[in-house]
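To start, the structure itself, in structure tokens.
Derivation of every value follows stated rules applied to the coordinates shown; laboratory data play no part. It should be emphasised that the depicted structure is a prediction, and the values quoted were computed from it without experimental measurement. Please note: Cβ atoms are built from the backbone with ideal geometry, for glycine as well, and neighbour counts cover all protein chains shown.
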Amino acid sequence: MSKKTPSSGTQVKTRGMNPKVKHAWLDFSFVVPAIVLLAIFTYYPIAEVIRISFTNWDLLKPEYDYVGFKNYKWLLTGTGGKYFMNSLKVTLIYTVGEIAITVVGGILFALLFNRPGSKGYTFMRVLTFTPRYIAMSSAAVVFLWLYDETYGIFNYFLGMIGAEPIRWLQDKYMAMVSILLLTGWRAIGYGMMIYLANMRSIPETYYEAASLDGANGVQKFFGITLPLLAPTTVFLLVTTFISSMKVFQSVDVLTGGGPSRATEVLVYLVYNYAMNKFRMDQACTIALALFAFLLLVTVATMKISDNKVNYDA
């Protein structure tokens, strides 16, 4: 018998991987490097922080043991709770100040500089936003000189008008104000640009219709501009809240958490326990408490905003 061979026009079925599955694995291979980097530099450190919080790791000792929930008990009912609550209060005060500066100051500056086509206003916008590009540590060193009680330029100008010099960084009330002034100088331009970009996207027909109805500038702002800026406001609230709760560099350079722990924010408290007291276990416990607090507040904020904010505009 002669063997039948398939003709050239006949398709021969070959065994192999399903094309859809093959493409799915190909697509997945492109994200593998990102997943590996996230696992190494994000998820693994988080897992290590959780693990260390269950130990008694003192950096001055070569060995450590697992102690269960001892560090959490120290944080909730021991001396750690007192310092944690003080730092939480200080951090929340700072957060409220930075949010007010970024949101309120940002929207006021955006209204002031919302003048398309004007070179003068363009220059002012650039001048206001430029401090955002300056590193916080570098800016803090400059402000450290400006705040100097004897040779600082701020007290120099106060002396010119006959006012008493201010102990900017030595007084426990003025120390927080001084840090917020530095923060405001860097953050207000960012808030301005975010609001300005959103203001430019609001259709002019809304304002024209309001003008025909006899609305003045204040009524247009509260009736049109402010409601349509609500999604931007929520974005700034969430992002500013998270970043302000992690403030460190300005506090480290200007006050070192003082005077009398008046500016010891939570991240600086973690740093203090880890690098000054060498208690890595307690530092990790405080860091996890901060993470849990940020997670809860962020989720609650997003839930509330979903019900109260209209994103259709």
Between beta-carbons, use under 9 Å as the cut-off and find the net charge around Phe54, counting Lys and Arg +1, Asp and Glu -1. +1
Of the chymotrypsin sites (Phe, Trp or Tyr not before Pro) in the stretch 112-189, which ones lie in a loop per DSSP and count no more than 11 other C-beta atoms within 10 Å? Tyr151
Length-normalised contact order for the chain - Cα pairs under 8 Å, 6+ apart - percent: 26 percent
Bins of 10 Å, starting at 0 and running to the largest distance - Cα pair percent for the stretch 151-295: 10, 25, 24, 20, 16, 5, 1
Neighbour-count ranking [beta-carbon atoms within 10 angstrom, fewest first] of Phe30, Phe278, Phe222, Phe84: Phe30, Phe222, Phe278, Phe84
In the stretch 209-313, with Lys and Arg counted as +1 and Asp and Glu as -1 at Cβ, which of these residues, Ala210, Pro227, Leu269, has the Cα nearest the positive end of the dipole, that is, farthest along it? Leu269
What residue among Val104, Phe69, Ser53 has its Cα farthest toward the positive end of the dipole of the stretch 32-152, where the charges are +1 on Lys, Arg and -1 on Asp, Glu, each on the Cβ? Val104
Gain in length, Tyr156 to Tyr207, computed as 0.36 nm per residue apart minus the alpha-carbon separation, to one decimal in nm? 13.6 nm
Under 19 Å Cα to Cα from Lys303, which aspartates and glutamates show up? Leave out anything in the same chain fewer than 8 places away. Asp312
Once fully extended, how much extra length lies between Leu296 and Met85, figured as 0.36 nm per residue of separation less the alpha-carbon to alpha-carbon distance? 74.3 nm
Subset of Lys89/Lys246; Lys73/Lys277; Lys246/Lys277; Lys119/Lys220; Lys61/Lys82 violating a 23 Å alpha-carbon distance limit: Lys119/Lys220; Lys61/Lys82
Rounding to the nearest 20 debye, state how big the charge dipole of the chain is about its Cα centre with +1 on each Lys and Arg Cβ and -1 on each Asp and Glu Cβ. 1400 debye
Span-like helix ranges in the chain, DSSP H, alpha carbon extent 24 angstrom or more, Kyte mean at least -1.0: 19-38, 79-100, 172-200, 280-308
Within the stretch 270-298, which residues have the backbone N less than 14 Å from the label spot 7 Å out from Lys246 along Cα→beta-carbon, could you tell me? 287-288, 290-295, 298
From the helices alone, meaning DSSP H stretches of at least four residues, give me the mean residue ellipticity at 222 nm for the chain, per-run term -39500 (n - 2.57), in deg cm²/dmol to the nearest 500. -20000 deg cm²/dmol
Using 0.36 nm times the number of residues separating Lys119 and Ser137, minus their current alpha carbon distance, what extension gain do you get? 3.3 nm
Considering the chain as a Gaussian network with a 10 Å cut-off on Cα pairs, which listed residue, Tyr273, Tyr83, Tyr44, attains the greatest mean-square fluctuation? Tyr44
